């Protein structure tokens, strides 16, 4: 590896190690130990310290540089930004403290990612106002859960429209449809299951009639058997219809996730 020793080789080595750090730890979130393993397997540990402690310092410095670059670019680009109305998707994460997150869904830009003492409306409004201060934007809609703090933040503090995220929409719809449709399907299944027993009973009655040679019941027994067979066909049709309705409802609810996407 003599080509790594001249200045050009050293510069290439620096670029290679930083690229491995960036891709593995920041883009792929693979962890520092994978960087150490990469250096060892590639033989680059002859030129670069491959211990976890050394590479952890490199990762920390890179993270600080990336954050600083992001802040600089945000200020630079915001100055020439055209005024626009936007939607934000807001939610809280916990790792381990409360972290308020707001993302502009069309560009996937993380507008807010801030730790807070709580997730009440005041904390949301204060944090988002600070995050959006550099931009010429008006938030006209927010998509999120049904938490009272978040609702107050959007509808009262921002004066924007709140749209529940797709989980809540899809969760509420089955409450009004799934139970009734499932009940119809179960009833139809029971009717279909009982139909063969009724047909069998009528067939046995006909057989008993032929053995007894009772001349008074042939027409009545034939009509009863025909009616039982007709009821079986109707029950099968009702079951097929009920199952089709259940499937259409399921597909319609699943389709909301596509139609609801910005």
Considering all projection directions equally, how large on average is the shadow of the alpha-carbon convex hull of the range 84-164, in square nanometres?
4.8
Residue 241 versus residue 79, label points 7 Å from Cα toward the beta carbon: distance in nm?
7.0
Calculated from the structure, mean projected area of the Cα convex hull in nm² equals which of (1) 16.2; (2) 12.6; (3) 27.3?
(3)
Just want the ordering: 99, 36, from fewest to most Cβ atoms lying within 10 Å of their own Cβ.
99, 36
Stretch gain in nm, segment residue 250-residue 45, where the contour uses 0.36 nm per residue and the Cα spacing is subtracted:
68.2 nm
Over the chain: helical MRE at 222 nm, DSSP H runs n ≥ 4 each giving -39500 (n - 2.57), nearest 500
-21500 deg cm²/dmol
Whole Å is fine, so just give me how far the alpha carbon centre of the range 8-28 lies from that of the range 152-202.
53
Can you give the extra length, in nm with one decimal, that the chain gains between residue 16 and residue 95 once fully stretched, where that is 0.36 nm per residue apart less the Cα-Cα distance?
25.3 nm
If you count, for each residue, the other Cβ atoms within 10 Å and average over each peptide, how do 79-85, 41-47 line up from highest to lowest?
41-47, 79-85
Förster radius 35 Å - calculated FRET efficiency between residue 226 and residue 177 (Cβ-Cβ, nearest 0.05)
0.45
Please list 108-116, 67-75, 139-147 highest first by mean number of surrounding beta-carbon atoms within 10 Å per residue.
139-147, 108-116, 67-75
For 125, 65, which order do you get if you count the other beta carbons within 10 Å of each Cβ and list the fewest first?
65, 125
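Just so you know, all these numbers are worked out from the coordinates, no wet-lab data involved. What you are looking at is a predicted structure, and each value in this text was computed from that prediction instead of being measured. Please note: Cβ atoms are built from the backbone with ideal geometry, for glycine as well, and neighbour counts cover all protein chains shown.
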